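Q: I am attaching a structure below and will ask some questions about it afterwards.
Read the figures in this text as sums done on the coordinates, not as results from a lab. Just so it is clear, the model here is predicted, and its values are computed rather than measured. Cβ coordinates were reconstructed from backbone atoms using ideal geometry, including for glycine residues, and neighbour counts include every protein chain displayed.
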């Protein structure tokens, strides 16, 4: 059953160029992960320091496998230090 993962991130303003680069690297890697369908990165018009990443996966197991991938965790740890607050992650299933 396909799922969607939403990750909200609020960055420190001067970190935007570095974050954009890391998010592109992360998506590039995800595109080769088992079960990856699609992804997009959105930036809030109300608060340009707020990002929303939406990815679609074939299954929750595929997402969890990617989430546990060492390369993903390494990039994620670099992203985490650029944020004002911890990222908020939610997983949704299609009905």
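Q: Quick test for you: out of 22, 60, 26, pick the one residue that is surrounded by 12 or more Cβ atoms within 10 Å (Cβ to Cβ) and in contact (Cβ under 8 Å) with a residue 60 or more places away in the chain.
A: Every option except 22 fails the conditions.
Q: OK, next. Looking at 47, 74, which is the one that is farther than 14 Å from residue 11 by Cα and either free of Cβ contacts under 8 Å to residues at least 60 places away in the same chain or over 12 Å from the mean Cα position of the chain (by Cα) (or both)?
A: Residue meeting the stated conditions: 74.
Q: Take segment 29-42 and flag every residue that is closer than 16 Å to residue 5 by Cα and either surrounded by 17 or more Cβ atoms within 10 Å (Cβ to Cβ) or without any contact (Cβ under 8 Å) to a residue 24 or more places away in the chain (or both).
A: If the condition is that a residue be closer than 16 Å to residue 5 by Cα and either surrounded by 17 or more Cβ atoms within 10 Å (Cβ to Cβ) or without any contact (Cβ under 8 Å) to a residue 24 or more places away in the chain (or both), then 30, 31, 33, 35, 36, 38, 39, 40, 41, 42 are the ones that fit.
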